[in-house]
Structures are given as structure tokens and as C-alpha cells.
């Protein structure tokens, strides 16, 4: 087994990315005129891309864009005017209580 040890005086500072590397994809789509686009990222599975984009949509509170996978292909779709989808495991909204009728 080969290995190497090198003396250091201190560890370098960590570099953090501002935002997400998936934000530019969402911003480009929001600014485009297309209602539906296919998203492809080299060496990334469509389901992984969907999961990452969905996390960013939720984190940013964006409800007018839907992300889905059909036949191993990831899609972004503008869904203005449609009801926002409910989160998995979310409780259904209660039915409004009808006002009592006067007697």
C-alpha cells in the first residue's frame, strides 16, 4: 500500500458555494419563454436531478414550476394557474365548516 504523509502548519479555510449549482438551471428556465423543457446533466441520473431541483424549488418557495421524470428524462414545466402540488405526507386541508342556519 502506497501512501504519503506531509507536514502542515494549518488546515486551509473551507470554501462555501453561495446558493446551489442547480439555481442557474431554475433561473434560466424562469426567464425563458418555454413552458416545458428537458433537463440533462452529464453523469447525473434523471431521478437525482429531479430530487435536487425539487429541493431548490421548495427552499426558494417557487410554486409555479413543477419538476418530473418520465421515461428516465427530467422535465421542468411552468404550471401557472394550476393548484400547487401537496407535499408527501402533508395533512389534507380541513373542509370549511358551514355556517349554522338560523331557526
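List of remarks:
- Spherically averaged projected area of the convex hull of Cα atoms, the chain: 15.0 nm².
- Tilt relative to the chain, helix 46-60 - C-alpha long axis, 0 to 90 degrees, to 10: 70
- FRET efficiency, residue 44 to residue 14 (Cβ-Cβ, R0 22 Å, nearest 0.05): 0.35
- Taken along the Cα-to-beta-carbon direction at a fixed 7 Å, the label points for residue 59 and residue 36 span 2.9 nm.
- Sorting 17-24, 48-55, 94-101 by their mean Cβ neighbour count within 10 Å, with the most densely packed peptide first, gives 48-55, 17-24, 94-101.
Laboratory data are not the source of any read-out in this text; all were calculated from the coordinates shown. Just so you know, these numbers come straight off a predicted model, no measurement behind them. Counting neighbours? That spans all protein chains shown, and the Cβs are built from the backbone with ideal geometry, glycine included.
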